[in-house]
Amino acid sequence: HLPTYHLPKMNADLLAMLSGGGGLGGAGAGGAGGSRNPAEESGTELLRFKAGRMKAELQQNGKFMISPDPRRGEIRMLWKSNDAAGAGATNSNGGVLTFEWVDRRTTLPVTTLTIFPEDNVTYQRVWTGGSNGEDESRATDRVYVLQYGNASDRRFFFWMQELADVRDGEYAANINAYCSDPAECAQKARAVSGDTAEGGAGAGAG
């Protein structure tokens with residue numbers, strides 16, 4: 001059963017522009033990915049895909065009204081091992097996991113969240129209750145929420161800007177795996193570092 005949130009209808013032309021490589025100026029289809037070193041100070045990039053941010057306002061009925069931020073963005077997850085972070089940042093998880101939402105036009109992070117296993121963070125699709133009547137099994141809105149446990153003030157909404165939805169479930173599964181298991185993060189980071197050292201493509205989109 002998908003959680004229900006109310007989403008104002010988004011203009012189809014705007015959605016098409018944001019999902020594809022053109023429109024609104026700024027970066028092209030590749031976004032900022034080509035200019036970022038996955039092993040730079042912020043950590044090793046584990047995951048990257050195109051997604052927009054959403055604004056959420058709690059209504060009197062207890063439900064959230066969410067509206068899209070029109071900027072073209074990316075979600076990125078980064079892992080910084082204790083060795084890379086230095087002795088002062090050492091922790092029992094072996095490193096620090098960071099979730100970023102980046103404006104693809106400026107290539108700068110707008111939202112940066114630090115995630116630990118004990119935060120019980122989940123990333124799941126939500127039903128906005130409008131695309132196809134009342135049948136949530138047929139919902140077409142590709143909206144997701146990053147939730148810190150049961151904290152109502154720690155919900156972050158995003159909408160997919162990848163043109164095709166074939167990897168949406170894969171991205172969500174990877175985010176949940178990284179949020180819950182530092183060993184998964186460390187394993188992926190080692191694989192990415194190995195690929196980079198050998199001239200590979202690094203983390204890519206997941």
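Please treat every number below as a calculation from the coordinates, not as lab data. The structure displayed is predicted, hence computed values, not measured ones. Every residue, glycine among them, receives a Cβ derived from its backbone with ideal geometry; neighbour counts consider all protein chains shown.
The order of the peptides 112-119, 69-76, 141-148 by mean Cβ neighbours within 10 Å, most packed first, is 69-76, 141-148, 112-119.
Over all other residues within a Cβ to Cβ distance under 15 Å of E170, the charged ones net out to +2, with Lys and Arg as +1 and Asp and Glu as -1.
The residues neighbouring V110, those whose beta-carbon lies less than 13 Å from its own, together hold a net charge of +3 under the Lys/Arg +1, Asp/Glu -1 convention. A simple count of charges around A56, restricted to other residues whose Cβ falls under 14 Å of its Cβ and scoring Lys, Arg +1 and Asp, Glu -1, yields +2.
Per-residue packing, averaged as other Cβ atoms within 10 Å, sorts the ranges 55-68, 178-191 into the order 178-191, 55-68, beginning with the highest. Computed from label points 7 Å out along Cα-Cβ, the spacing between K63 and N176 is 2.4 nm. Close amide H contacts of R104 (hydrogens built in the peptide plane, cut-off under 5 Å, sequence separation of 5 or more or a different chain): R72, G73, E74.
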